[in-house]
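Peer 1: Following this message is one structure expressed as structure tokens.
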Amino acid sequence: MTADQSALFDVLRRFAATLADRFDVADVLYNLTDSTVATLNATAAGVALVNEDGRLQFVSANTDAAASLELVQQNTREGPCHQAFTSSQTVSVADVSARDEWPVYRRTALDAGFSAVLGIPLVAGGNALGALTVYNEQPRQWSDNVIGAAHVLADIATGYILHASRLDEAQRLNEQLQHALDSRIVIEQAKGILAGEHGIALDAAFTALRQHARSKQATLRAVAEAVVDLGLRPPLPDT
């Protein structure tokens with residue numbers, strides 16, 4: 001299976017357009033996970049970034065199952081995403097069940113319904129800023145074409161992060177990354193509130209937040225904060 005070139009070109013087009021304006025890093029990374037899934041014909045994707053302590057920390061994922069795996073890697077410091085980050089090398093896993101070096105991650109991935117994983121480092125100037133992880137339900141040999149497209153997507157994520165830091169020279173890169181991490185926390189809180197009140201899945205709650213943000217031309221974080229602090233209840237997505 002190869003990468004969807006038209007989807008990749010669309011990501012590049014949107015990337016170029018976004019750089020002309022200020023943007024919210026958290027929103028960009030959430031959108032990038034969706035674009036990664038569409039471009040690589042995968043099941044899910046997640047992004048983790050290095051924090052000010054030099055540790056990898058989960059920031060965004062497009063499904064709750066992927067988010068749970070990102071958190072496992074953050075907490076155990078094992079898995080393809082963490083290995084890609086520490087080695088600055090691509091980690092391609094065709095079948096997680098055949099890998100023994102990440103026992104907790106292996107068990108959690110299989111329980112979540114993922115068989116194949118691809119870890120791509122986010123690197124700038126020889127320094128690792130984080131990693132992009134791509135998940136597939138079925139075992140999959142990641143082709144050179146797909147890995148190449150994944151690196152383009154990872155480079156886009158890196159470009160967004162670096163450009164965001166340069167928009168305001170008074171702010172350090174770590175502050176930009178911390179903003180993204182803080183956004184993830186309030187977004188998770190808002191998802192939990194909506195899921196609990198309406199009896200819906202976390203993924204459906206996430207869709208409601210994103211659709212409302214897009215319809216109001218607001219950031220995902222702003223909508224999440226309104227849910228948590230102001231009692232906003234966005235319309236639920238169509239089922």
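The values are calculated or read from the model by the stated rules, or taken from the named source; none is laboratory data. If you're wondering where the values come from, they're calculated on a predicted model, not measured in any experiment. Positions of Cβ are backbone-derived with ideal geometry, glycine not excepted, and every protein chain shown enters the neighbour counts.
Peer 1: In the range 187-221, what residues are among the polar types (S, T, N, Q) and closer than 19 Å to A66 by Cα?
Peer 2: At the first step, the residues of the range 187-221 found to be among the polar types (S, T, N, Q) are 189, 207, 211, 215, 217, 219.
Of everything in the range 187-221, those that are among the polar types (S, T, N, Q) and closer than 19 Å to A66 by Cα turn out to be Q189, T207.
Peer 1: Restricting attention to the range 221-239, and to residues there that are of a type in the set (A, V, I, L, M, F, W, C) and either outside any helix (DSSP H, G or I) or under 18 Å from D34 (Cβ atoms) (or both), which single residue is modelled with the lowest pLDDT? Quick ask: steps written out before the conclusion?
Peer 2: Here is the first cut: in the range 221-239, the ones of a type in the set (A, V, I, L, M, F, W, C) are 222-224, 226-228, 230, 232, 236.
This time we only want the ones that are either outside any helix (DSSP H, G or I) or under 18 Å from D34 (Cβ atoms) (or both), so: 223-224, 232, 236.
Values: V223: 96, A224: 96, L232: 95, L236: 92.
Looking at residues that are of a type in the set (A, V, I, L, M, F, W, C) and either outside any helix (DSSP H, G or I) or under 18 Å from D34 (Cβ atoms) (or both), I get L236.
Peer 1: With respect to Q83, is the statement that it is among the polar types (S, T, N, Q), surrounded by fewer than 19 Cβ atoms within 10 Å (Cβ to Cβ) and either within 17 Å of A157 (Cα to Cα) or in contact with a strand residue (DSSP E or B) (Cβ under 6 Å, 6 or more places away or on another chain) (or both) true?
Peer 2: no
Peer 1: Given the conditions (1) assigned to a helix (DSSP H, G or I); (2) farther than 14 Å from I185 by Cα; (3) touching a residue at least 40 places away in the same chain (Cβ under 8 Å), report the number of the one that E70 does not fulfil.
Peer 2: Among (1) assigned to a helix (DSSP H, G or I); (2) farther than 14 Å from I185 by Cα; (3) touching a residue at least 40 places away in the same chain (Cβ under 8 Å), the lone unmet condition for E70 is (2).
Peer 1: Same structure again: Taking the range 129-148, which residues are over 29 Å from N51 (Cβ atoms) and of a type in the set (F, W, Y)?
Peer 2: Correct list: empty.
Peer 1: Which of the numbered conditions does A218 fail, given that it passes all the others? Conditions: (1) assigned to a helix (DSSP H, G or I); (2) among the small types (G, A, S); (3) under 29 Å from E52 (Cα atoms).
Peer 2: Only one criterion in (1) assigned to a helix (DSSP H, G or I); (2) among the small types (G, A, S); (3) under 29 Å from E52 (Cα atoms) is unmet by A218, namely (1).
Peer 1: Of all the residues that make up the range 104-142, how many are touching a Gly at 6+ places or on another chain (Cβ under 9 Å) and in a loop (DSSP other than H, G, I, E, B)?
Peer 2: So the count comes out to 1.
Peer 1: Take the residues of the range 81-96 that are touching a helix residue (DSSP H, G or I) at 6+ places or on another chain (Cβ under 6 Å) and either part of a helix (DSSP H, G or I) or not assigned by TED's automatic domain parsing to the domain that holds S60 (or both): which is nearest to T133 (Cα to Cα)?
Peer 2: C81
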